[in-house]
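The values are calculated or read from the model by the stated rules, or taken from the named source; none is laboratory data. These figures come from a predicted structure and were not determined experimentally. Don't worry about glycine lacking a Cβ; one is built from the backbone with ideal geometry, like all the others, and counts go over all protein chains shown.
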Amino acid sequence: MDMLSNLTIGFGVALTLQNVLYCFVGVLLGTVVGVLPGIGPVTTVAMLLPISFTLPPESAMILLAGIYYGAQYGGSTTAILVNIPGEASSVVTTIDGHQMARQGRAGPALGIAAIGSFFAGCVATLLICFAAPPLAAIALEFGPAEYFSLMVCGLIAAIVLARGSVMKAIGMVILGLLLGLAGTDVNSGIRRFTFGFQDMADGIEFVALSMAIYGIAECAYNLERKAEEADVTGTIGNVWPSFADIRHCTPAILRGTVLGSLLGVLPGGGALLAAFGAYTLEKKVARPPRNFGNGDIRGVAAPESANNAGAQTSFIPMLTLGIPSNPTMAMMIGALMIHGISPGPRVMSERPELFWGLIASMWIGNLLLVVLNLPLVGMWVKLLRIPYRLLFPAIVGFCCIGAYTVNSNIFDVYVMAFFAIFGYLCLKLDCEPAPLILGFVLGPLMEENLRRALLLSRGDLMVLVQEPLSLIFLIAAALLLLVVAAPAIRRKREEALQE
Amino acid sequence: MHIRAPKDFWSGIMFLAFAATAMLAARDYSLGSAGKMGPGYFPMMLGAALALIGIVLVVRSLVLTGEAVDHVQIVPLGIITIGVVLFGVMLEPLGLIAALVTVTLIAAYAGRESRPLEAAALAAVLAAFSVGIFVVALRLPLPIWPSIF
């Protein structure tokens, strides 16, 4: 009953002509950037943040979300046909997918990827419907101490699950938190870290920072690597998998969906982790196991289902707790803030049309994606002929326009130039930028919650461990850190992340 | 002293530099007390934590062997950054078209295999597209032409 009325609201919003159009534009763009190596959903969402400012918040979220899950569909196309992952989350798909293409089974591989993604997308959307309201209800009860500890736990989890050195990731989180504090302090009115610049009074512009790192710095970094030759494999043929294929894949799709949905919710999770996890699991449990690595269709079905499920469920912590699990979600939060909406458990009750509209649009988007991807796959393959030398000046140009238009302030363009150099150094030093972006979004929130918690407890830090929920979050965070620190598990983690 | 893990070493130095900047700047903000946190409290805490991470990274890089830093190619990055800054300088006095064409051409030049004619065509297409999308369709407040006209 409640769910029905919620969904009615949702589809009422998502099915307006305008929003269907934005959903279509989103998934279309998502597919395009998914297919193209060298430009991903994070960059695209960053470039579109300023545009989303001109739209109503519902349409903005629908558009940006479409890019993220749309890219999961597009990424598999490149992985299967060219053996280059269009997206990081389709890396594992190249293993069996490209083998299938070489054996002349590119069609069924593409087909099962799309069918698996569609199924997983629908299930994950349903999961958001049922899991989000109770989670938000719990989160509404959180006091400042719980919130602070939850953010600590979320950031630590994001670090543990990130690739590369844990120490550097912690450093990047703290640096992100610090950068997030720049600007006028709401409590004292004092301007912090503005270094005498009048234009820094509102802090570092999130759009400029994210475009600097994911747009410009990445372009400069990509230019150094040898361009990979796109070698498109022969004909695609019939994209519909045979009935036997589908039956063979059903358990893999189901397992991928379940695991992907779970891993997507975790902080630091999302599509990437989901795909890796699902492929590893499939190799362990699928019977008979023989063919993995040599074009086993289940090696396509499982990770492709998982990455779409993970992409979708990673919206849960963002929508219910206001905590981003990956950089794309951090940008969605940035988009909401541009519209003056503070993300968190109240969004669902105060702006039901935004929350349920976004969820309903995911169903529509997934449907559109199947239509876009299966019959039109030949068209997307042609996109691969676009060389990177044409792509990157366009990215740089759009980033410039974007940085200016958020506030109509030239200063933001210079901020972007500065952080582009910084971002390039980070990439060179293997310092993952994702934790920095998460920290940046959470910085002011963490300070505010800590301040309030300590104000209530009259300065007693023990309040963080006296509230039971807060204690649980902190213990979870400590356990996570211990897990990475323990040498045995550390080796396992490196193996798992390397595979 | 020998640097065994250059990537870790320079990351540590970078964190230390940011930590020092943050803590020096935060000196001027009042700390307050835990119960009444001043504007300097949280930044100081974070600055100290970041400095600690930096020190650990630097010390560890002198003991444990790690990866070397790949060759840093300053030229493409420098060219692109100059392009971005020029866009900022040109946009308000000279308008979107001039600024965008400039940044696109400069960025294209940063690539190893740049082709002048192709880059010019790309710049023209991008300028037309951007005016169409950003100014005409989305009505963003961007000057198209030099403001003297």
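Only one of B:Ala51, B:Ala22, B:Ala17 is of a type in the set (A, V, I, L, M), more than 7 Å from chain A (Cβ to nearest Cβ) and crowded, with 18+ Cβ neighbours inside 10 Å. Can you tell me which? Working first, answer last.
Details: B:Ala22 fails: more than 7 Å from chain A (Cβ to nearest Cβ); B:Ala17 fails: crowded, with 18+ Cβ neighbours inside 10 Å.
After ruling out the rest, the residue left standing is B:Ala51.
When B:Leu46, B:Leu52 are checked against the criterion of being closer than 27 Å to A:Ser188 by Cα and of a type in the set (A, V, I, L, M, F, W, C), a single residue qualifies: B:Leu46. When the stretch A:348-393 is filtered for residues that are free of Cβ contacts under 8 Å to residues at least 60 places away in the same chain and among the hydrophobic types (A, V, I, L, M, F, W, C), the ones remaining, listed by number, are A:Val371, A:Leu376, A:Met379, A:Leu390. Within the stretch B:58-75, can one find any residue that is within 10 Å of chain A (Cβ to nearest Cβ) and buried (at least 21 other Cβ atoms within 10 Å of the Cβ)? No; the residues of the stretch B:58-75 include none that is within 10 Å of chain A (Cβ to nearest Cβ) and buried (at least 21 other Cβ atoms within 10 Å of the Cβ).
When you scan the stretch A:21-47, how many residues do you find that are free of Cβ contacts under 8 Å to residues at least 40 places away in the same chain and surrounded by fewer than 24 Cβ atoms within 10 Å (Cβ to Cβ)? I'd like the intermediate steps shown before the answer.
Within the stretch A:21-47, the first condition is being free of Cβ contacts under 8 Å to residues at least 40 places away in the same chain, and the residues that meet it are A:21, A:44.
From what's left, surrounded by fewer than 24 Cβ atoms within 10 Å (Cβ to Cβ): A:21.
Within the stretch A:21-47, residues that are free of Cβ contacts under 8 Å to residues at least 40 places away in the same chain and surrounded by fewer than 24 Cβ atoms within 10 Å (Cβ to Cβ) number 1.
When each of A:Tyr73, A:Tyr147, A:Tyr69 is tested for being within 20 Å of A:Pro267 (Cα to Cα), under 19 Å from the mean Cα position of the chain (by Cα) and among the aromatic types (Phe, Trp, Tyr), the lone residue that passes is A:Tyr69. If the condition is being facing chain B (nearest Cβ under 8 Å) and among the charged types (D, E, K, R), then the stretch A:188-225 contributes A:Arg192, A:Glu224. If you go through the stretch A:374-391 and keep only what is within 14 Å of chain B (Cβ to nearest Cβ) and closer than 24 Å to A:Ile51 by Cβ, you end up with A:Ile386, A:Tyr388, A:Leu390, A:Leu391.
Every residue, every condition in (1) under 21 Å from A:Tyr73 (Cβ atoms); (2) among the aromatic types (Phe, Trp, Tyr); (3) buried (at least 20 other Cβ atoms within 10 Å of the Cβ), yes or no:
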residue: A:Arg255; (1), (2), (3): yes, no, yes
residue: A:Leu272; (1), (2), (3): yes, no, yes
residue: A:Gly277; (1), (2), (3): yes, no, yes
residue: A:Thr280; (1), (2), (3): no, no, no
residue: A:Asn294; (1), (2), (3): no, no, no
residue: A:Glu304; (1), (2), (3): yes, no, yes
residue: A:Thr313; (1), (2), (3): yes, no, yes
residue: A:Pro317; (1), (2), (3): no, no, yes
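A quick yes/no check of all residues on (1) charged (D, E, K, R); (2) in contact (Cβ under 8 Å) with a residue 40 or more places away in the chain; (3) part of a loop (DSSP other than H, G, I, E, B):
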site: A:Glu304; (1), (2), (3): yes, yes, no
site: A:Ala309; (1), (2), (3): no, yes, no
site: A:Met318; (1), (2), (3): no, no, no
site: A:Thr328; (1), (2), (3): no, yes, no
site: A:Leu336; (1), (2), (3): no, yes, no
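Just to be sure before I move on: is B:Ala123 in contact (Cβ under 8 Å) with a residue 40 or more places away in the chain and either surrounded by 14 or more Cβ atoms within 10 Å (Cβ to Cβ) or under 16 Å from A:Gly402 (Cα atoms) (or both) in the structure I sent? Considered against the rule, which asks whether it is in contact (Cβ under 8 Å) with a residue 40 or more places away in the chain and either surrounded by 14 or more Cβ atoms within 10 Å (Cβ to Cβ) or under 16 Å from A:Gly402 (Cα atoms) (or both), B:Ala123 comes out as no. Filtering A:Val173, A:Val207 for residues that are at pLDDT below 90 and either surrounded by 22 or more Cβ atoms within 10 Å (Cβ to Cβ) or over 30 Å from B:Thr104 (Cα atoms) (or both) leaves a single hit, A:Val207. Please determine whether any residue of the stretch A:37-50 is touching a Lys or Arg at 6+ places or on another chain (Cβ under 9 Å) and under 21 Å from B:Ala137 (Cβ atoms). Looking through the stretch A:37-50, none of the residues is touching a Lys or Arg at 6+ places or on another chain (Cβ under 9 Å) and under 21 Å from B:Ala137 (Cβ atoms). If we scan the stretch A:158-165, do we find a residue that is out of contact with any helix residue (DSSP H, G or I) (no Cβ under 7 Å at 6 or more places or on another chain), without any contact (Cβ under 8 Å) to a residue 40 or more places away in the chain and surrounded by fewer than 23 Cβ atoms within 10 Å (Cβ to Cβ)? Among the residues of the stretch A:158-165, not one is out of contact with any helix residue (DSSP H, G or I) (no Cβ under 7 Å at 6 or more places or on another chain), without any contact (Cβ under 8 Å) to a residue 40 or more places away in the chain and surrounded by fewer than 23 Cβ atoms within 10 Å (Cβ to Cβ), which makes the answer no. Just one of the listed residues (A:Ala453, A:Ala394) is buried (at least 20 other Cβ atoms within 10 Å of the Cβ), within 26 Å of B:Val89 (Cβ to Cβ), within 12 Å of another protein chain (Cβ to nearest Cβ) and modelled with pLDDT of 90 or more, namely A:Ala394. Hey, among A:Asp430, A:Asp460, which residue is more than 21 Å from A:Leu181 (Cα to Cα), more than 7 Å from every other protein chain (Cβ to nearest Cβ) and acidic (Asp, Glu)? Among A:Asp430, A:Asp460, only A:Asp460 is more than 21 Å from A:Leu181 (Cα to Cα), more than 7 Å from every other protein chain (Cβ to nearest Cβ) and acidic (Asp, Glu).
Based on this model, can you work out whether B:Thr102 counts as more than 7 Å from chain A (Cβ to nearest Cβ), within 20 Å of the chain's Cα centre (by Cα), surrounded by 15 or more Cβ atoms within 10 Å (Cβ to Cβ) and of a type outside the set (A, V, I, L, M, F, W, C)? First the steps, then the outcome.
Working: more than 7 Å from chain A (Cβ to nearest Cβ): yes; within 20 Å of the chain's Cα centre (by Cα): yes; surrounded by 15 or more Cβ atoms within 10 Å (Cβ to Cβ): yes; of a type outside the set (A, V, I, L, M, F, W, C): yes.
It is true that B:Thr102 is more than 7 Å from chain A (Cβ to nearest Cβ), within 20 Å of the chain's Cα centre (by Cα), surrounded by 15 or more Cβ atoms within 10 Å (Cβ to Cβ) and of a type outside the set (A, V, I, L, M, F, W, C).
For beta carbons closer than 6 Å, sequence separation of 6+ or different chains, a first residue in the stretch B:25-43 that is over 12 Å from A:Leu181 (Cα atoms) and at the interface with chain A (Cβ under 7 Å from one of its Cβ atoms) and a second that is surrounded by fewer than 22 Cβ atoms within 10 Å (Cβ to Cβ) and among the β-branched types (Val, Ile, Thr), the qualifying pairs are B:Tyr29/A:Ile190.
Does A:Pro343 fit the bill of being surrounded by 20 or more Cβ atoms within 10 Å (Cβ to Cβ) and in contact with a Leu (Cβ under 6 Å, 6 or more places away or on another chain)? In short, yes.
Across the stretch A:157-171, a minimum of one residue is classified as within 10 Å of chain B (Cβ to nearest Cβ) and touching a Phe, Trp or Tyr at 6+ places or on another chain (Cβ under 6 Å).
Count of the stretch B:64-86 residues, restricted to those that are over 14 Å from A:Leu427 (Cβ atoms) and in contact (Cβ under 8 Å) with a residue 40 or more places away in the chain, is 4. Residues that are surrounded by 22 or more Cβ atoms within 10 Å (Cβ to Cβ), among the polar types (S, T, N, Q) and away from chain B (no Cβ under 14 Å): does the stretch A:366-373 have at least one? Within the stretch A:366-373, one or more residues are surrounded by 22 or more Cβ atoms within 10 Å (Cβ to Cβ), among the polar types (S, T, N, Q) and away from chain B (no Cβ under 14 Å).
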